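Peer 1: This is the structure, below, for whatever I ask next.
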Amino acid sequence: MVTSISKMVYLWIINNMAKKKKTLKKNILITGGSGFIGSAITKYLVKGKNKIIVFDNNSRGRSRRLKEIKNKIRFIKGDIRNKKQLLSIKGKVDTVIHLAYVNGTKFFYKKPYEILDIAVNGLLNVLDLCKRKKVKNFYLASSSEVYQNPLKIPTDEEEMLKIPNIHNPRYSYGGGKIISELYGIHFAKKFLKKFIIFRPHNVYGKDMGNEHVIPEFINRFKKLGNKKNFLIYGSGQEIRSFIYIDDFISGFDKVFKKGRNQEIYNIGTSEKIKISKLAKMISKIIGKSIKFKKTKVLKGSPSVRCPNIKKIKKLGFQQKIRLKDGIKKILN
């Protein structure tokens with residue numbers, strides 16, 4: 001009698017373990033999945049045997065980032081603002097990771113309407129798809145831009161979100177993310193099982209595009225030749241905290257697996273550096289001698305950006321790649 005009961009208990013445990021393993025595999029839609037961060041997340045999730053659909057308009061020809069896994073995913077070229085294109089996606093979707101946006105500081109100033117159009121109309125279309133497909137889980141990529149000039153350094157997830165000047169085109173980016181967060185949180189309470197916001201802080205790495213400070217500096221150093229004058233926007237005293245893409249994916253992994261419903265997580269590092277010191281660090285690695293030529297800071301650019309990462313550390317995150325080593329990885 002005891003033996004038969006033991007067998008039953010054993011079989012019950014085995015069956016339930018098998019069911020749990022099955023539930024780990026998800027049908028995931030990633031909007032903006034061919035972007036710098038999006039492609040890294042796509043590659044990470046493919047390793048988990050998940051079924052991946054990438055929906056991206058490939059506006060900057062970045063689908064090449066997915067070349068090595070193109071046979072393991074389904075890539076659909078489309079614009080999230082085109083509802084017909086989005087709703088034509090066939091197949092089961094239980095999880096959405098929403099990254100589609102226009103990134104890069106120069107675009108904040110040049111394309112404010114397009115950024116807001118994607119933030120508002122694009123998001124509404126994605127959420128409509130969620131309703132129709134009865135999606136359970138939604139991970140929203142926000143940004144450190146929602147904090148603008150924060151009141152607290154390091155800045156935690158409870159910081160006030162703000163748009164300091166409605167006329168400044170830069171705030172189209174942060175403003176669009178604030179709208180996405182606000183709408184998403186309250187939509188989720190009614191239609192989703194799990195909704196999580198993650199806020200990346202100055203992610204960098206190979207093949208990230210030239211619209212960000214580290215690749216821009218590297219490219220300009222290579223073009224300097226024998227010249228020594230090196231242009232910096234602002235005083236050079238502005239402070240940032242950078243996170244290498246591999247560490248970012250490690251942070252995202254913790255959020256994806258352990259993050260709690262309706263929570264917000266900063267993904268970044270506490271390793272602060274002044275922009276002038278960043279330039280000197282890169283110049284030293286490359287072997288260039290420079291003199292700074294400073295200009296006015298871009299309107300709306302925060303003086304300090306450094307996240308409080310206590311929440312993500314509690315999930316098990318640890319920085320492994322220091323800034324200097326990450327820059328060397330890019331240069332190699």
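The values are calculated or read from the model by the stated rules, or taken from the named source; none is laboratory data. Remember, it's a predicted structure, so these values are computed and weren't measured experimentally. Cβ coordinates were reconstructed from backbone atoms using ideal geometry, including for glycine residues, and neighbour counts include every protein chain displayed. These accessible areas exclude ligands, DNA and RNA; they are computed on the full protein's heavy atoms, side chains included. Shrake-Rupley method; radii C 1.70, N 1.55, O 1.52, S 1.80 Å.
Peer 1: Taking region 25-49 as the search range and keeping residues that are among the polar types (S, T, N, Q) and not in a helix (DSSP H, G or I), which one is nearest to R199 (Cα to Cα)?
Peer 2: The residue in question is T31.
Peer 1: Something else now. Would you mind stating whether G316 is outside any loop (DSSP other than H, G, I, E, B) and either at pLDDT below 95 or more than 29 Å from K162 (Cβ to Cβ) (or both)?
Peer 2: no
Peer 1: Can you tell me which condition K314 does not meet? The list is (1) free of Cβ contacts under 8 Å to residues at least 40 places away in the same chain; (2) under 30 Å from N168 (Cβ atoms), and all the others hold.
Peer 2: With respect to (1) free of Cβ contacts under 8 Å to residues at least 40 places away in the same chain; (2) under 30 Å from N168 (Cβ atoms), K314 is out only on (2).
Peer 1: Another one. Got a number for residues in region 145-167 being out of contact with any Leu (no Cβ under 8 Å at 6 or more places or on another chain) and open to solvent by 10 Å² or more (accessible area, probe 1.4 Å)?
Peer 2: So the count comes out to 16.
Peer 1: Then there is this: Out of all the residues in region 211-256, which are basic (K, R) and either without any contact (Cβ under 8 Å) to a residue 12 or more places away in the chain or within 27 Å of T295 (Cβ to Cβ) (or both)?
Peer 2: R220, K222, K223, K227, K228, R240
Peer 1: Which residue pairs have Cβ atoms closer than 6 Å, lie 6 or more positions apart in sequence or on different chains, and pair a first residue in region 82-93 that is in a loop (DSSP other than H, G, I, E, B) with a second residue that is among the charged types (D, E, K, R)?
Peer 2: Partner pairs satisfying both residue conditions: V93/K133.
Peer 1: Okay, next question. Please enumerate the residues belonging to region 75-88 that are open to solvent by 50 Å² or more (accessible area, probe 1.4 Å) and closer than 15 Å to G32 by Cβ.
Peer 2: The answer is F75, K77, R81, N82, Q85.
Peer 1: Can you name the residue in region 96-114 that is surrounded by fewer than 19 Cβ atoms within 10 Å (Cβ to Cβ) and over 16 Å from the mean Cα position of the chain (by Cα) and, of all such residues, is nearest to V213 (Cα to Cα)?
Peer 2: K106
Peer 1: Right, here's the next one. Select from region 185-223 the residues that are part of a loop (DSSP other than H, G, I, E, B), over 25 Å from R322 (Cβ atoms) and of a type in the set (A, V, I, L, M) and list them in ascending order.
Peer 2: L192 - this is the single residue of region 185-223 that is part of a loop (DSSP other than H, G, I, E, B), over 25 Å from R322 (Cβ atoms) and of a type in the set (A, V, I, L, M).
Peer 1: Examine region 131-140 for a residue that is in a helix (DSSP H, G or I), more than 20 Å from the chain's Cα centre (by Cα) and farther than 19 Å from G33 by Cβ, and state whether such a residue exists.
Peer 2: Yes, the conditions are met somewhere in region 131-140.
Peer 1: Then there is this: Mind listing whichever residues of region 239-282 are of a type in the set (G, A, S) and open to solvent by 10 Å² or more (accessible area, probe 1.4 Å)?
Peer 2: S250, S270, S276
Peer 1: Within region 50-58, can one find any residue that is under 28 Å from D247 (Cβ atoms), assigned to a loop (DSSP other than H, G, I, E, B) and not polar (S, T, N, Q)?
Peer 2: Looking through region 50-58, none of the residues is under 28 Å from D247 (Cβ atoms), assigned to a loop (DSSP other than H, G, I, E, B) and not polar (S, T, N, Q).
Peer 1: Somewhere in region 287-296, is a residue aliphatic (A, V, I, L, M), part of a loop (DSSP other than H, G, I, E, B) and under 18 Å from E158 (Cα atoms)?
Peer 2: Looking for residues that are aliphatic (A, V, I, L, M), part of a loop (DSSP other than H, G, I, E, B) and under 18 Å from E158 (Cα atoms), one finds none in region 287-296, hence no.
Peer 1: Next question, about the same structure. How many residues does region 59-78 contain that are outside any helix (DSSP H, G or I), aliphatic (A, V, I, L, M) and under 23 Å from I118 (Cα atoms)?
Peer 2: 1
Peer 1: Looking only at region 242-274, which residues are of a type in the set (S, T, Y), out of contact with any helix residue (DSSP H, G or I) (no Cβ under 8 Å at 6 or more places or on another chain) and not in a loop (DSSP other than H, G, I, E, B)?
Peer 2: S250
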